[in-house]
Number of protein chains: 2
Amino acid sequence: MEFNDEYYMNEALKLAKEAYDIDEVPIGAVIVHNGEIIGRGYNKRNSLANPLGHAEIIAINEAAGYLKDWRIEECTMYVTVEPCPMCSGAIVQARIPRVVFGAKNKKAGCAGSVINLLQMDALNHQVEITEGVLQEECSSIMTEFFKRFRKKAAE
Amino acid sequence: MEFNDEYYMNEALKLAKEAYDIDEVPIGAVIVHNGEIIGRGYNKRNSLANPLGHAEIIAINEAAGYLKDWRIEECTMYVTVEPCPMCSGAIVQARIPRVVFGAKNKKAGCAGSVINLLQMDALNHQVEITEGVLQEECSSIMTEFFKRFRKKAAE
């Protein structure tokens, strides 16, 4: 059974909330193959003490394990926030054909904000992008997180 | 004891040879902290069936585990070939201050060839780059690999 983009983005958003609950920047991602979620991740950079602990990287790692292939083809990644340089590069490496994201990341987003690594003619893979799905929800959990973070820092 | 750039690049080159021996594109990387190698990696994309299986990512993962921090500061990465978009993004994420590479990667290198992600003003971290260390050795193992690969493919 196939669901629509909002359905899968909502699944990614549930994962972002798990990050929020452990004081991590609340970003979540799922990878969908034939309607099924085969990779899930949420940001754990601090709790894992690892720069690779982004939602997208964790989801890619799980999806590759499921497919037993470094090529994550015929899949769509749903991620609550526009991917950073590392995650955008990993998406290109994995040959993911389509990425759907919620909120823009003006400071480090590489699906159009700072640069568009997902659609560079010079690279050997280009990604279809859909943006703005559940944008308000994906954006407001981030705003809420940083508000709480600043409040805690001021205490 | 501190060694020079050639010494550590030669260590990376030994790892590239390990990749060569298991039929992987021969790229190796080490991360050095206070003169000590705290992260080692060589390309295992096919054998791990994982798009994250690049030399630099494996070395970063090990170094983060050693430092128990997502910030791999006060370190230098030595890598035999110019990093791809994913690995360049991971280097920026990890705040690695300096990268030394051997051979250029004209098709996908993101330390100046296709783009320079390591030194983008728009991002929050810039990396010092030294290129061309043991360039001939780093380049010729790649040429040799692809020559053998094409020969095998033609058999």
Starting from the Cα of residue B:139, step 7 Å along the direction of its Cβ; do the same at residue A:74; then give the gap between the two resulting points in nm.
4.2
DSSP bridge pairs, the protein assembly as shown: antiparallel proportion in percent, nearest 5
55
Applying a 10 Å radius around every beta-carbon, put A:93-102, A:68-77, A:138-147, A:121-130 in order of their mean neighbour count, most first.
A:93-102, A:68-77, A:138-147, A:121-130
Estimated D of the protein assembly as shown in µm² per second, where Rh is the Kirkwood radius over Cα pairs and Stokes-Einstein applies at 25 °C, 0.890 mPa s:
125
Please get the size of the charge dipole for segment A:101-155, origin at its Cα centre, with Cβ charges of +1 on Lys and Arg and -1 on Asp and Glu, quoted in debye to the nearest 20.
500
Quantify how strongly other chains surround peptide A:64-72 by giving the mean number of their Cβ atoms within 10 Å of each of its Cβ atoms.
4
Going by average Cβ neighbours within 10 Å, how do the peptides A:33-39, A:44-50, A:7-13 rank, with the highest at the top?
A:7-13, A:44-50, A:33-39
So, R0 is 41 Å and r is the distance between the beta-carbons of residue A:148 and residue B:47; what FRET efficiency does that work out to, to 0.05?
0.40
Global geometry of segment B:25-109, whether rounded, prolate or oblate, following the gyration tensor of its Cα atoms and the 1.5 cut on a/c
prolate
Shape category assigned to chain B from the gyration tensor of Cα positions, a/c cut at 1.5
prolate
Between the label point of residue B:33 and that of the same position in each other copy, find the distances and list them shortest first in nm, with every label point placed 7 Å from Cα along the Cα-to-C-beta direction.
3.4
Everything considered on the Cα gyration tensor (a ≥ b ≥ c; rounded for a/c under 1.5, else prolate if a/b is larger than b/c, else oblate), segment A:1-69 must be described as oblate
Can you name the chain B residue with its Cβ nearest the rotation axis from B to A, and give the distance in Å as a whole number?
B:89, 2
Remind me, relative contact order of chain A in percent, using alpha carbon pairs under 8 angstrom and six or more residues apart?
19
Exercise: per-residue mean of other protein chain Cβ atoms within 10 Å, A:109-117
3
For residues of B:50-59, the mean tally of beta carbons on other chains within 10 Å
5
Phi to ³J(HN,Hα) by Karplus 6.51 cos²θ - 1.76 cosθ + 1.60 over segment A:83-96, Hz, x for Gly, Pro:
x, 6, x, 4, 5, 5, x, 5, 4, 5, 4, 7, 6, 5
I want the antiparallel fraction of DSSP beta bridges within segment A:34-155, as a percent rounded to 5.
10
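Bear in mind that the values in this text are calculations on the coordinates, not laboratory data. None of the values given here were measured: they were computed from a predicted structure. For neighbour counting, all protein chains shown are included, and Cβ atoms are generated from backbone atoms with ideal geometry for every residue, glycine included.
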